[in-house]
1. I'd like to verify a number: residues in region 88-136 that are surrounded by 15 or more Cβ atoms within 10 Å (Cβ to Cβ) and in contact with a strand residue (DSSP E or B) (Cβ under 8 Å, 6 or more places away or on another chain), how many?
2. May I ask you to verify whether GLN575 is part of a helix (DSSP H, G or I) and more than 43 Å from the chain's Cα centre (by Cα)?
3. Test THR833 against the stated conditions and say whether it is under 60 Å from the mean Cα position of the chain (by Cα), hydroxyl-bearing (Ser, Thr, Tyr) and surrounded by fewer than 19 Cβ atoms within 10 Å (Cβ to Cβ).
4. Anything in region 855-869 that is surrounded by fewer than 17 Cβ atoms within 10 Å (Cβ to Cβ) and either within 8 Å of the ligand (Cβ to nearest atom) or not in a loop (DSSP other than H, G, I, E, B) (or both)? List them, or say none.
5. Only one of these is in a loop (DSSP other than H, G, I, E, B), touching a strand residue (DSSP E or B) at 6+ places or on another chain (Cβ under 6 Å) and among the hydrophobic types (A, V, I, L, M, F, W, C): LEU189, LEU177. Name it.
6. Consider LEU592 carefully, then state whether it is over 18 Å from ARG637 (Cβ atoms), hydrophobic (A, V, I, L, M, F, W, C), buried (at least 18 other Cβ atoms within 10 Å of the Cβ) and modelled with pLDDT of 90 or more.
7. (1) within 11 Å of the ligand (Cβ to nearest atom); (2) at pLDDT 90 or above; (3) among the basic types (Lys, Arg): which one isn't true of LYS794, the others all being true?
8. Grab the strands (runs of 3 or more DSSP E) fully contained in region 345-452, keeping just those with 1 or more residues being loosely packed, with under 15 Cβ neighbours inside 10 Å and small (Gly, Ala, Ser).
Amino acid sequence: MAIEPEAHAPPGVGLQVWLDGQGRVLRLGGPLRTALALAREVNARVHDYVQAHSLLVLEGDPADWQGQPLDLDFKTASGNTLHTRGWLLAQGEAWLLQLFDVGDLMQQQRHAGELQRQQHLALELTAALRDCSLERLAQVAGEQLQRLAWHWHSAWTALLLHGAAGWQTFARSEAELPWADDARLSLQLDRLEPGHLLYSGDVPALQALFPGSAFYLLAYAQQHQVRAWVLCAAPAQPLRVDEAQVLLGALAEPLLGRLAGHHLQASQQRLDSVQGLLGAGWWEWSLHEPYLYLAPGLAASLGVAAQLSLATWLALIHPADREAAQLAFTRLQREGGELLVSVRLIPENAAPVARWYRLCGQVQGEGHQRRLLGFMLDINDIKQQQQQASAAHARLENLIAQSPAVIYIQRYDAGALHAEFFSASLTPLLGWPTQADELIKPAEWVHPDDQPLWLERSRLLLREGHMRSRYRLRDSHGDYHWVLDEARLLRDDLGLPVEVVGLWLDVTEATLADERTRQSEERYRVLVEDSPAMICRYRPDLSLVFGNQPLADCLECTPEQLAGMNLGQWMSPTQRQAFLERLGTLTAEHPLSSAEVCLQLPGRAFAWWVWSDRGLFDAQGNLLEVQAVGRDNTEVRRSQQQLLQSAKMATLGEMATGLAHEINQPLNVMRMAVVNTLKRLENGEVQVDYLQDKLKRIDAQVVRASKVVDHMRVFGRRSEIEQQLFEPWQAIEGALSLLSDGLSGKGIELKVCAPLAGSPVRGHVDQLEQVLINLMVNARDALASRRETDPKFKPWIALSAEQDAGKVLIFVEDNAGGIDPRLLDRIFEPFFTTKPSGVGTGLGLSVSHGIVADMQGRLSAANADEGAQFCIELPLATAPA
Ligand code: ADP
């Protein structure tokens, strides 16, 4: 059956479909019919016009469809769907399906549904983020972003928040993001103009950055500032701006709120702990109420309630500060404005120890809202330091003012130094006023001769950073003072000069004293230099430290060459040993010692110096140095030796008669032998035995005579220069060899005790022999004069020796009646004699005394029972080491 849409169709509304009993379309009517996509086949059923899902409505035949609303979606020519609703009317045999377009209604319904879902999602997002714990916030945000991704059919979503390093991914859905590093994206986000939904394809920079991916960018702003970005991969269906904004708000707002709350809480905690540490906190006073409010931490530290009455508050303030505080509060109440006072508070829990607090505040608000908002800070440490600093400052100022030195400061300015400060001691010292200004120029006080020094001082100071110099400054009376200037340049952090701090010390006295000392030293130096005596200083090892010209002359060098030379090099080992031993006897209490020393000088055989030493000791009594003065005694020595020699010769002279006898004796014997032998020869009675006997006798007498002559030769020789070790019995034997025969010839008995052995002494053997001869010759002379008066007298001389406690004692005694006691003291004087002139020289005992003294011994005389007794006392010598 053909469809005749135009033939019988009454003007209708909507879409009218006439059907037969089997549902075949008979005719179409109504204005909507033009939109339909017509079925191609003839006798098409209504089923062929509708969408597949509407076939369910058209179950069975048209008769079954009656009495119920029919919702049918038709295919249209444009490919869209035509949503209709209608009902079936019986039209005789046929049926009329009257339908109306319900597309708008459907659209609205769907939209409402979507809106509901979206709201539901938004609520869930908000609830999830609001209720989760802070630790899980990022994780939960990620879960919600995943839900958003599902909701938008998007591959991924991510949320970026602004942090320290720009925009950073805070949370994201599960799928991989197209960027690994937030930094480059963050740069682009900062450049974007936010406010609406952005598509990456529209932003060339983003497209360049992520060439393969397309995504949306949603900015969440609060107070015109972007707080969060949500990025999501572009889905097949474009996102709707309004819906996206709602969901973004639902996600970002609670999240940012939680984060801000957390941030605030952390800040509060930090603030609380800082306030606690500082002993600081806010305080508030509603000016119309008698109450104050304190920050809890502050109240706790003060040991009071957080809310306290004005009276309690004032009672907390130290009485000394209370009135000032009260006046300040009253002024605030009346006039408003600001408060800044420092007061001592006595915390309730720590009375009576007061602590300093700074109270600051400002009156705010009007009328009943007026209140003082303030802050309190514990400044006890600062106050205490301030007090200590000001006490120290006062002490320092006092010290500077009292100081005998002038303390000054010079300011550095463009390479020049300007006086800026002088301590009060300037006036008593130099009489100048202390107000330093540009007009005061210390350079003008400097002595004209010292001005180059002053200029050099400033230059050096700037170069070296410190300086010490000494120059003269004029005082207000025109007199000059020597000052010691100690100055230091202070620099700032960059090393640039800032100022010079210096000190002037009046050293006039010391400088003048120095000058006097220098002059006196110079005088002494000249004295030492010009002295005819040898003056030197040497160390205990005999190395010279200093020597003057006369010493240098003796040693044939210059005074400069003397230092370091060793005095010992000119001494024989024995002399050096003795010298060092003598130094060893010096002590701090007895530092002086004198001696005559013998030296072997260059170019001169021997020199004798009379030498005086003074030892210099340290606090422990160690010998540090020796000062010595010496005099060349060589000439005197030589004369002495000559004298000795003369005395010796005189002795020989005196002994001449004895010696003549001594030699005559063997000569007589020999003559007798010769005469007798000759007589026998004349008589022809010479027998060999007789001749032999006589010749032997002659030979013995020759030996005897030559012995005497030999010894005389030895005795007559000059003494050795230096003392030697010898046995005293050698001298006794020598003396006896010269005298014994002569004495016995004169009828004088010689009593000699056994000589000593093993008792060495130090000296010259010939000299001791001379002493013994002198004593024996004196005894002989005294005995001879005694015999003149008493012919029956039997004279004797006793010679004995003994050893006693380190000493050797040799006694020469006679029985000539002794020495007149009144003369005993005088007999050792040179030229004292009781003998007739031409006989005695008066030198024998004096020379003998000198010889024994030279051997460190002593010669003494006494009267024994029958005559004089002389004693030679000599120290026993120890061999040199
Ligand atoms: P000299 O023998 O030339 O007189 P000395 O100095 O030897 O000079 O002696 C000085 C004096 O001491 C003698 O003149 C004598 O008076 C006295 N004297 C010396 N030895 C004796 C002695 N053994 N007995 C008495 N008088 C003596």
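The values are calculated or read from the model by the stated rules, or taken from the named source; none is laboratory data. All of these numbers come straight from a predicted model, not from anything done at the bench. FYI the Cβ positions are ideal-geometry reconstructions off the backbone, even for glycines, and counts take in every protein chain you see.
1. In the first step, residues of region 88-136 are kept if they are surrounded by 15 or more Cβ atoms within 10 Å (Cβ to Cβ); the result is 88, 94-102, 106, 118, 121-122, 125-126, 128-129, 132.
Then drop every residue that is not in contact with a strand residue (DSSP E or B) (Cβ under 8 Å, 6 or more places away or on another chain), which leaves 88, 94-102, 106.
Number of matching residues: 11.
2. On the way: part of a helix (DSSP H, G or I): yes; more than 43 Å from the chain's Cα centre (by Cα): yes.
Criteria met by GLN575.
3. Numbers: under 60 Å from the mean Cα position of the chain (by Cα): no; hydroxyl-bearing (Ser, Thr, Tyr): yes; surrounded by fewer than 19 Cβ atoms within 10 Å (Cβ to Cβ): yes.
For THR833, the condition - under 60 Å from the mean Cα position of the chain (by Cα), hydroxyl-bearing (Ser, Thr, Tyr) and surrounded by fewer than 19 Cβ atoms within 10 Å (Cβ to Cβ) - is not met.
4. In the first step, residues of region 855-869 are kept if they are surrounded by fewer than 17 Cβ atoms within 10 Å (Cβ to Cβ); the result is 856, 858, 860, 862-866.
ARG858, SER860, ALA862, ASN863 - these are the residues of region 855-869 that are surrounded by fewer than 17 Cβ atoms within 10 Å (Cβ to Cβ) and either within 8 Å of the ligand (Cβ to nearest atom) or not in a loop (DSSP other than H, G, I, E, B) (or both).
5. Working: LEU189 fails: in a loop (DSSP other than H, G, I, E, B).
Sole residue among the options that is in a loop (DSSP other than H, G, I, E, B), touching a strand residue (DSSP E or B) at 6+ places or on another chain (Cβ under 6 Å) and among the hydrophobic types (A, V, I, L, M, F, W, C): LEU177.
6. Working: over 18 Å from ARG637 (Cβ atoms): yes; hydrophobic (A, V, I, L, M, F, W, C): yes; buried (at least 18 other Cβ atoms within 10 Å of the Cβ): no; modelled with pLDDT of 90 or more: yes.
Taking the combined requirement at face value, the residue does not satisfy it.
7. Going through (1) within 11 Å of the ligand (Cβ to nearest atom); (2) at pLDDT 90 or above; (3) among the basic types (Lys, Arg) one by one, LYS794 breaks only (1).
8. Details: elements: 355-364, 371-378, 406-413, 416-422.
The qualifying strands (runs of 3 or more DSSP E) are 416-422.
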